Amino acid sequence: MFNLTQFREVFYQAKIPQLISSVDYSTTQFNPAFCEFLGYSSDELANLSMEEISHPDDMVKDAQLFGEVLNRQRDRYQLEKRYFHKSGEIKTGILTVSRIQIQVTGEEFLLGQVLDITEKKQMENALKHREKKYRLLAEHSSDMIMLHKVDYTYLYISPSVKTVLGFQPEELIGKNPREFIHPDDLNELRKQPIRNDVHAPKLITYRFQRKDGSYVWIESTVKALIDQVTGEISELVTVSRDIEQRLETQDRLRKSEKLAVVGQMAAAVAHEIRNPLTPIKGFMQLLNSEKEINPVYLSIILDELQRVEAIISEFLTMAKPHTEKLRGVYIDHLVRQVVQLLQPEAKMSQKGLYFYVEHPNLSIMGDTDSLKQVFLNIIKNALEALSKMGQVHIRVLEESTGVKVEVSDDGCGIPENRLQKLGEPFYSTKEKGTGLGLLTCYRIIEAHQGKIHIESKEGEGTTVSIWLPYHLRK
């Protein structure tokens, strides 16, 4: 059997904050753990009343329960109670008060024990505060913020759903969005499961049925929430918005851009064709008035008609797609063929044409005919920029992700202010050029997911770099 001395030792050595008090709270003793709990020494705490160390809002409940103990309506009570630490910090504990009687003497006293839950309470309060802020954001956001089960069933929907879709949030809780997504879009979404990469948010667009039966285009960012223990998806969060107006604006912009381009192209084509038509008309009138065929007039008319035909051919070539016949192409072999085609012309005009290959048999996926047209245009442009005895150097270089073809000449070069306009329709540095040839080259290389880069200095020469990838992206 334990005696009173042993009980006293247990009380003072206990790690749990404890207090012993007479039933009327007239005398109270605190163990060292309680003193440490509130930051006071035992002497300081002895001079303070329970009211001075207790939060006033908790004293009413404490007094009520304490009164029930005094009146023997209960022998024990438990209360979450706040105390004032010496530093001013509020400490929270679960206070358990028991009425105990010593059988030997019949003396009664109260034993109180405090379980410190200050950190837990602070975390709970912080979490509640954070949840309150998030809820405020969700409830006042124009975007629809939704929480789903793993099967996408709605668990929570922000009030903005009423504005966007016409539903009250509670009308959709427990339902699945698949019931409202347009069938055509649902088939597409099924091909893009969220579980492909659970850590990356996924952006999806689809048509969602409003309460009135109409459909609206919605853009949603979907994020999977991962259970830290199992590593599995526990819930899904989506942030969705109405993009109907944005799509309409984009469509109007595209149409107006197309109309603007068509207008510019039509004006340019009309201007370019009108130039050769003017002399054709003039010489035809002369032929008509002179009533006889003049070979000189006919020669000029035929030349101008060929020019019209060339303009139309270049325009049609630029408009058609250029990657219809994709297959493996050895770039060095293709460029060598073009060089061989142009070599006689270069020799006749006393110009040097030189070809270098760093690594032979460099293969890419491409359309042989359209790529040959690109190299033919670029190399011919380089030759035409040369004076007599000038040189063009063509190099085929291997890179880690693709092949680069460099065409360098030491010709007249291009002024810096004109470099930026290269590739625009009907802009050319040649006297009778249409600019469609270079524009076609740009279109072909872009269709092959490649790049063209032009560097030039007036009076020093020009270098055209054409980069093509080994593999085309789908």
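The values are calculated or read from the model by the stated rules, or taken from the named source; none is laboratory data. Computed from a predicted structure; not experimentally measured. Note: ideal-geometry Cβ built from the backbone for every residue, glycine included; neighbour counts use all protein chains shown.
Among the numbered criteria (1) in a helix (DSSP H, G or I); (2) touching an Asp or Glu at 6+ places or on another chain (Cβ under 7 Å); (3) surrounded by fewer than 12 Cβ atoms within 10 Å (Cβ to Cβ), which one does His359 miss?
The number of the failed condition is (1).
Would you pick out the residues in the stretch 248-280 that are loosely packed, with under 13 Cβ neighbours inside 10 Å and at pLDDT 75 or above? Spell out how you get there, then give the answer.
Here is the first cut: in the stretch 248-280, the residues loosely packed, with under 13 Cβ neighbours inside 10 Å are 248-263, 266-267, 270-271, 274, 278.
Of everything in the stretch 248-280, those that are loosely packed, with under 13 Cβ neighbours inside 10 Å and at pLDDT 75 or above turn out to be Glu248, Thr249, Gln250, Asp251, Arg252, Leu253, Arg254, Lys255, Ser256, Thr278.
Condition check: at pLDDT 90 or above, in contact with a strand residue (DSSP E or B) (Cβ under 7 Å, 6 or more places away or on another chain) and closer than 26 Å to Ile218 by Cα. Does Leu155 satisfy that? It would help to see each step written out before you state the result.
Working: at pLDDT 90 or above: yes; in contact with a strand residue (DSSP E or B) (Cβ under 7 Å, 6 or more places away or on another chain): yes; closer than 26 Å to Ile218 by Cα: yes.
So Leu155 passes the test.
Among (1) within 45 Å of the chain's Cα centre (by Cα); (2) at pLDDT 80 or above, there is one condition Glu108 misses while meeting the rest; what is its number?
Answer for Glu108: the failing condition is (1).
How many residues, within the stretch 462-471, are farther than 17 Å from Asn377 by Cα and surrounded by 16 or more Cβ atoms within 10 Å (Cβ to Cβ)?
Within the stretch 462-471, the first condition is being farther than 17 Å from Asn377 by Cα, and the residues that meet it are 469-471.
Filter once more, so that each one left must be surrounded by 16 or more Cβ atoms within 10 Å (Cβ to Cβ): 469.
So the count comes out to 1.
Given the conditions (1) within 43 Å of the chain's Cα centre (by Cα); (2) under 17 Å from Glu406 (Cβ atoms), report the number of the one that Ser370 does not fulfil.
Only one criterion is unmet by Ser370, namely (2).
Suppose the filter is of a type in the set (Ser, Thr, Tyr) and either at pLDDT below 80 or assigned to a helix (DSSP H, G or I) (or both); does Thr429 pass it?
Yes, satisfied.
Scan the stretch 85-138 for residues that are under 26 Å from Ala63 (Cβ atoms) and aliphatic (A, V, I, L, M) and jot them down.
Those that are under 26 Å from Ala63 (Cβ atoms) and aliphatic (A, V, I, L, M): Ile90, Ile94, Leu95, Val97, Ile100, Ile102, Leu110, Leu111, Val114, Leu115, Ile117.
For residues that are of a type outside the set (D, E, K, R), in a helix (DSSP H, G or I) and exposed (fewer than 11 other Cβ atoms within 10 Å of the Cβ), tally how many sit in the stretch 287-298.
Here is the first cut: in the stretch 287-298, the ones of a type outside the set (D, E, K, R) are 287-289, 293-298.
Keeping just the survivors that are in a helix (DSSP H, G or I) gives 287-289, 295-298.
Filter again for exposed (fewer than 11 other Cβ atoms within 10 Å of the Cβ), leaving 288-289, 295-296.
Of the residues in the stretch 287-298, 4 are of a type outside the set (D, E, K, R), in a helix (DSSP H, G or I) and exposed (fewer than 11 other Cβ atoms within 10 Å of the Cβ).
Within the stretch 40-84, restricting attention to residues that are hydroxyl-bearing (Ser, Thr, Tyr) and under 60 Å from the mean Cα position of the chain (by Cα), which residue is modelled with the lowest pLDDT? Show your work before the answer.
Start the filter on the stretch 40-84 by keeping residues that are hydroxyl-bearing (Ser, Thr, Tyr), which leaves 40-42, 49, 54, 77, 83.
From what's left, under 60 Å from the mean Cα position of the chain (by Cα): 40-41, 54, 77, 83.
Values: Tyr40: 91, Ser41: 90, Ser54: 88, Tyr77: 85, Tyr83: 91.
The residue in question is Tyr77.
Output the number of residues of the stretch 1-57 satisfying the condition of being among the hydrophobic types (A, V, I, L, M, F, W, C), free of Cβ contacts under 8 Å to residues at least 24 places away in the same chain, more than 19 Å from Thr96 (Cα to Cα) and assigned to a helix (DSSP H, G or I).
Going through the stretch 1-57 one residue at a time, the tally reaches 2.
Within the stretch 448-462, which residues are in contact with a strand residue (DSSP E or B) (Cβ under 9 Å, 6 or more places away or on another chain) and not acidic (Asp, Glu)?
Residues satisfying the conditions are His448, Gln449, Gly450, Lys451, Ile452, His453, Ile454, Ser456, Gly461, Thr462.
Would you confirm, using the coordinates I've provided, whether Glu171 is within 18 Å of the chain's Cα centre (by Cα) and at pLDDT 90 or above?
no
Go through (1) in a loop (DSSP other than H, G, I, E, B); (2) modelled with pLDDT of 70 or more one by one and return the number of the condition Arg443 breaks.
That leaves (1) as the condition not met.
Go through the stretch 105-122 and give me each residue that's among the aliphatic types (A, V, I, L, M) and assigned to a strand (DSSP E or B). Can you show your working first?
From the stretch 105-122, those among the aliphatic types (A, V, I, L, M) are 110-111, 114-115, 117; that's our starting set.
Once the filter is applied, which keeps residues that are among the aliphatic types (A, V, I, L, M) and assigned to a strand (DSSP E or B), the stretch 105-122 yields Leu110, Leu111, Val114, Leu115.
In the stretch 77-104, which residue that is in a strand (DSSP E or B) and aliphatic (A, V, I, L, M) is farthest from Ser22 (Cα to Cα)?
Only one residue fits best here, namely Ile90.
How many residues does the stretch 63-96 hold that are farther than 21 Å from Asn125 by Cα, in contact (Cβ under 8 Å) with a residue 40 or more places away in the chain and among the basic types (Lys, Arg)?
1
In the list Ser408, Ser313, Ser363, which residue meets the criterion of being modelled with pLDDT under 85, hydroxyl-bearing (Ser, Thr, Tyr) and either on the phi < 0 side of the Ramachandran plot or touching a helix residue (DSSP H, G or I) at 6+ places or on another chain (Cβ under 7 Å) (or both)?
Result of the check over Ser408, Ser313, Ser363: Ser313.
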